[in-house]
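K.L.:
Input: one structure, supplied below.
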Amino acid sequence: MKDSFFGGRRGGEEHAVSSDKPGQTQGVPLRSKKQFMAEEGESAVQAAKEVRSLKEADTSSYEAMAPPSMQNEIKRVGQTTFYLMDGVWVDARYREGLKILRVKFGSEGYFQICEREPKLKKLLSVGQSVLLVWKGRAIEVGPEGKERLSTQELREFLN
């Protein structure tokens, strides 16, 4: 009996199949299909556990390792990390090209956002100039920007 993926059989033991001569075996024993699946399954479970532990890891210790001159330039709110760049607290997830809604700090528009999304209120508490990512878009709060937001803008950026 031959299993094309796992090679040919010889004397009850699987061996590698030469790629240039189909059906011909060489002397290298292969694992059984059952053995292969069990070992790969164990590896997958272990990898999943490691990924979960990395996701749940407390990264605040990394921030503490930053040089003293930089420690005042990093803030964390929940799972979001902000870096102080040119006077603006920038969300670490921010990438060039995201659509940006600019809102004036302390304006009616600013409070519309805070009232509509309590999580944003918490994130915006890092400072008066903040650039954060929310649902795939960016919201920039600072000394300039919209003073009032339309229902359409609120829906577009917050939903």
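The values are calculated or read from the model by the stated rules, or taken from the named source; none is laboratory data. Fair warning: this is a prediction, and the values are worked out from it, not measured in the lab. Reconstructed Cβ throughout: ideal geometry from the backbone, glycine too, with neighbour counts over all protein chains shown.
K.L.:
Pick out, from segment 96-159, the helices (runs of 4 or more DSSP H) lying fully within it that include 2 or more residues that are in the same structural domain as Gly78 (by TED's automatic domain parsing) and under 17 Å from Tyr83 (Cβ atoms).
P.N.:
Details: elements: 108-116, 118-124, 151-158.
Helices (runs of 4 or more DSSP H) meeting the threshold: 118-124.
K.L.:
Related question: Hey, any hits in segment 105-112 for a residue that's without any contact (Cβ under 8 Å) to a residue 60 or more places away in the chain and within 26 Å of the chain's Cα centre (by Cα)? Quick ask: steps written out before the conclusion?
P.N.:
The first filter runs over segment 105-112 and keeps only residues without any contact (Cβ under 8 Å) to a residue 60 or more places away in the chain, leaving 105-112.
Remaining after also requiring within 26 Å of the chain's Cα centre (by Cα): none.
The answer is no, given that none of the residues of segment 105-112 is without any contact (Cβ under 8 Å) to a residue 60 or more places away in the chain and within 26 Å of the chain's Cα centre (by Cα).
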